1. Putting +1 on Lys and Arg Cβ atoms and -1 on Asp and Glu Cβ atoms, find which of A130, V99, A52 reaches farthest to the positive end of the dipole of the chain.
2. Determine the relative contact order of region 3-171: mean sequence separation of Cα pairs under 8 Å and six or more apart, normalised by residue count, in whole percent.
3. At most 15 other Cβ atoms within 10 Å plus a DSSP loop assignment makes a site exposed; report the longest stretch of the chain without any exposed chymotrypsin sites (Phe, Trp or Tyr not before Pro).
4. Just subtract the alpha-carbon distance of S66 and W165 from 0.36 nm times their residue separation and send over the number in nm, one decimal.
5. Rounding to the nearest 20 debye, state how big the charge dipole of the chain is about its Cα centre with +1 on each Lys and Arg Cβ and -1 on each Asp and Glu Cβ.
6. Any idea how far apart N26 and T9 come out in nm if each label point goes 7 Å out from Cα toward Cβ?
7. Quick one: putting +1 on the C-beta of Lys and Arg, -1 on the C-beta of Asp and Glu, what dipole do you get for region 1-65 around its Cα centre, in Debye to the nearest 20?
8. Under a crude label model (7 Å from the Cα following the beta-carbon direction), how far is L37 from T58 in nanometres?
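Computed from the coordinates by the stated procedures, all read-outs in this text should not be read as laboratory data. Note that the structure is a prediction, hence the values are computed from the model and not measured. Counting neighbours? That spans all protein chains shown, and the Cβs are built from the backbone with ideal geometry, glycine included.
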Amino acid sequence: MVGISAGNTHSLALKKDGTVVAWGWNSSKQCDVPTGLTDVVGISGGRHHSLALKKDGTVVAWGGKSSNQRNVPTGLTDVVGISAGRYQSLALKKNGTVVAWGDNSSNQCDVPTSLKDVVGIFGGGSHSLALKKNGTVVAWGSNNYQQCDVPTGLTDVVGISAGGWHSLVVKKGQQ
């Protein structure tokens, strides 16, 4: 195995040969890996959907579709990173921009128009995060629990993660 991802009630594993294995609760077919899916370099599990990033920079999605979270935008290419949130999906493009689709009831897919130079993304419950090249974090979407209130002066961030109602960072020197 070269990669793992835990969705809400299912798990994904990326094998060395570029194929994906999935198991767990399969209520929305989130564990039904598409037949013939190969050349995968990244995976991410959401609440009821799964994402795979292929070596050619395209994204494959399967499972739940109640919020269009598996409807990959037509023409989406040059993707270098993916993240499945609860009902939203995020893609990081080679040029440092972010594309989001799926549930937007809390504006979690409304990527800030000025957002650029992104090196990492993470989809949470109803919010989304981006890590910028300069070590700062941008958050958008639901802020019911202050999960989008990035602390003033937060810098030197090298990793991000999001839960249902919270956000986490790893700062340089804390790995």
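1. Positive-most Cα among the choices belongs to A52.
2. The value is 13 percent.
3. That gives 26-144 as the longest site-free run.
4. Full extension of this stretch gives 33.6 nm more.
5. My answer is approximately 180 debye.
6. Inter-label distance under the simple model: 1.4 nm.
7. Result for region 1-65 is approximately 100 debye, rounded to the nearest 20.
8. According to this spin-label approximation, the distance is 1.4 nm.
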